[in-house]
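Down below is the structure, laid out as structure tokens.
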Amino acid sequence: MHPPLVVYLEHDGKVFLVNSAGVGPQQPVKGRIQTDDELRFPTRSELTSIGLQFEEKGRTCLRYGDSEYTVIKGYPKVDWPKDWAWKDACASDNSVHPVVRDAVYRSIHRLVSKVMVCNDRGELLMAKVERGHFSGFWTLPGGYMDHDEHPTNGAVRETLEELGLTIVLDDVEPVITQRIFNDEGVSFVSLTYRSTWNGNLAELTLQTEEISEAAWFAPEDAFQQAVSYFDREAIRSLL
């Protein structure tokens, strides 16, 4: 039976795995379908027994039906752990317990690219969303980046898709924010750029299944309307 509390140690992309008897470090085998043993994260007592110390960084709760596991994320006090497993190798070995694979998956940042479209009157363009996390609320244009997409391209693409507006980003640094919002441990990173546009709302072509309307707001009003933490942090830079 898998322990209810384990420790996820990661150092420069390497993770410490043990077998069912708590012996490690163990190595995954990419493409392995069947195995007589199971690879998992160690418990606190198993780490203590081998003298491996770490600094706790946070905790993630994994829930599968009636089962719940707590994963402590820690930074080990070691030099380069050359004998540990590469975290990217864990996904393709069926002998690696789902708690390991899920925890590694959740440790990868989700990247969001957004844009503050401003006009020369100092107003900010926002869109009312019809689906997703912020359905019914006003947000800045933007969304998840595609794989192998630069965040500047993502901001331009999302604005075109959502509003039918082709923008050119201003030559300023983006507002970068990062946050984990709950005990599931998924980390989001947002890069919010700026663009200047002095057109009329009638020129926009809204993606109606996602955006119900668009409007200009004074930055103070936009900050009050925004429900997204990332939007509020970006708009704060205009106040």
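The values are calculated or read from the model by the stated rules, or taken from the named source; none is laboratory data. Here the structure is a predicted model, which means the values were calculated and not measured. Using ideal geometry, Cβ is built from the backbone for each residue, glycine included, and neighbour counts are taken over all protein chains shown.
Just one of (1) surrounded by fewer than 21 Cβ atoms within 10 Å (Cβ to Cβ); (2) in contact with a Ser or Thr (Cβ under 6 Å, 6 or more places away or on another chain) fails for SER135. It is (2). Residues being of a type outside the set (Phe, Trp, Tyr), in contact with a Cys (Cβ under 9 Å, 6 or more places away or on another chain) and in contact (Cβ under 8 Å) with a residue 24 or more places away in the chain are represented in the range 219-231 by at least one member.
Hey, can you tell me all the residues within the range 153-180 that are assigned to a strand (DSSP E or B) and either of a type in the set (A, V, I, L, M) or more than 22 Å from the chain's Cα centre (by Cα) (or both)? Scanning the range 153-180 gives LEU169, VAL175, ILE176, ILE180.
Considering only residues in the range 22-56 that are free of Cβ contacts under 8 Å to residues at least 12 places away in the same chain and not in a helix (DSSP H, G or I), the one that is farthest from LYS77 (Cα to Cα) turns out to be ASP36.
From the list THR35, THR70, which one is more than 18 Å from the chain's Cα centre (by Cα) and modelled with pLDDT under 95?
Values: THR70 fails: modelled with pLDDT under 95.
One residue alone meets the criteria, THR35.
Which of the residues belonging to the range 181-239 are among the acidic types (Asp, Glu), under 18 Å from the mean Cα position of the chain (by Cα) and surrounded by 15 or more Cβ atoms within 10 Å (Cβ to Cβ)?
At the first step, the residues of the range 181-239 found to be among the acidic types (Asp, Glu) are 183-184, 203, 209-210, 213, 220-221, 231, 233.
Pick out the ones that are also under 18 Å from the mean Cα position of the chain (by Cα) and you get 183-184, 231, 233.
Result: ASP231, GLU233.
Looking for something in the same structural domain as GLU220 (by TED's automatic domain parsing), modelled with pLDDT of 95 or more, part of a helix (DSSP H, G or I) and closer than 25 Å to GLU184 by Cβ - is there at least one such residue anywhere in the range 129-152? Within the range 129-152, one or more residues are in the same structural domain as GLU220 (by TED's automatic domain parsing), modelled with pLDDT of 95 or more, part of a helix (DSSP H, G or I) and closer than 25 Å to GLU184 by Cβ.
Being touching a Pro at 6+ places or on another chain (Cβ under 6 Å), in contact (Cβ under 8 Å) with a residue 60 or more places away in the chain and in a loop (DSSP other than H, G, I, E, B) narrows it down to one of ASP120, ASP93, so name that one. It would help to see each step written out before you state the result.
Numbers: ASP120 fails: touching a Pro at 6+ places or on another chain (Cβ under 6 Å).
Residue meeting the stated conditions: ASP93.
Checking PHE230, PHE188 one by one, the residue that is assigned to a helix (DSSP H, G or I) and within 29 Å of HIS109 (Cα to Cα) is PHE230 and no other.
When GLU68 is tested against (1) assigned by TED's automatic domain parsing to the domain that holds ALA214; (2) exposed (fewer than 13 other Cβ atoms within 10 Å of the Cβ), just one condition goes unmet, and that condition is (1).
Answer yes or no as to whether LEU62 is in a strand (DSSP E or B), closer than 30 Å to TRP216 by Cβ and not hydroxyl-bearing (Ser, Thr, Tyr). I'd like the intermediate steps shown before the answer.
On the way: in a strand (DSSP E or B): yes; closer than 30 Å to TRP216 by Cβ: no; not hydroxyl-bearing (Ser, Thr, Tyr): yes.
Taking the combined requirement at face value, the residue does not satisfy it.
Considered as a group, the residues in the range 19-46 that are surrounded by 11 or more Cβ atoms within 10 Å (Cβ to Cβ) and among the aliphatic types (A, V, I, L, M) include one that is nearest to SER95 (Cα to Cα), and that residue is LEU39. Of SER95, SER49, all but one fail to be exposed (fewer than 13 other Cβ atoms within 10 Å of the Cβ), more than 24 Å from the chain's Cα centre (by Cα) and not hydrophobic (A, V, I, L, M, F, W, C); the exception is SER49.
In the range 27-73, which residues are basic (Lys, Arg), under 16 Å from GLU184 (Cα atoms) and in contact with a Ser or Thr (Cβ under 8 Å, 6 or more places away or on another chain)? Talk me through it step by step, then tell me what you get.
Taking the range 27-73 first, the residues basic (Lys, Arg) are 30, 32, 40, 44, 57, 59, 63, 73.
Applying the additional criterion that residues be under 16 Å from GLU184 (Cα atoms) yields 57, 59, 63, 73.
Listed by number, the residues that qualify are ARG59, LYS73.
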